[in-house]
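Down below is the structure, laid out as structure tokens.
Bear in mind these aren't lab numbers, they're just calculated from the coordinates by the rules spelled out. Treat the numbers as computed from the prediction; the structure is a model and nothing was measured. Don't worry about glycine lacking a Cβ; one is built from the backbone with ideal geometry, like all the others, and counts go over all protein chains shown.
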Amino acid sequence: MRNLKVALAILVISISSMISVSATNENPVNKNVNSELRLEIAKLLGHHNYKLNEVTIQADVSVMLNNKNELVVLSVDSDHKNIESFVTTKLNYKKITIKGLAKGSIYTIPLKII
């Protein structure tokens with residue numbers, strides 16, 4: 001009976017410590033900053049001249065802010081090579097003025113081109 005109590009106590013302590021560690025490791029994402037970044041990226045991209053034939057192209061754009069407050073495009077995850085080069089040339093090293101963005105952090109923005 002005593003071994004059961006000891007084993008149960010060890011199990012409870014282990015589970016509670018894992019829960020507290022996982023709760024403190026998550027960084028909350030400021031949705032307001034992400035939406036501002038998304039709007040700024042949409043402004044910088046502007047209009048495109050591609051004939052899409054009623055197809056919506058989706059891409060995930062990973063960007064980082066450098067020390068000069070410039071966007072650095074890390075990757076564009078899309079099936080269309082033209083869209084990758086379009087996004088990279090329009091966004092790479094463009095200066096932005098959004099408060100609350102952490103320099104050196106990677107932001108992934110979903111993008112739809114209609």
Using amide H atoms built in the peptide plane, which far-off residues or other-chain residues are under 5 Å from K94 H to H? L71
What are the ³J(HN,Hα) couplings of segment 85-99, residue after residue, when phi is run through the Karplus curve with 6.51, -1.76, 1.60 and θ = phi - 60°? Round to Hz, x for glycine and proline. 6, 4, 5, 5, 5, 6, 9, 5, 6, 8, 7, 10, 10, 8, 7
For a Förster distance of 41 Å, can you work out the FRET efficiency between the beta-carbons of K112 and S14, rounded to the nearest 0.05? 0.40
Ranked highest first by the average count of other Cβ atoms within 10 Å around their residues, in what order do 2-14, 76-88 fall? 76-88, 2-14
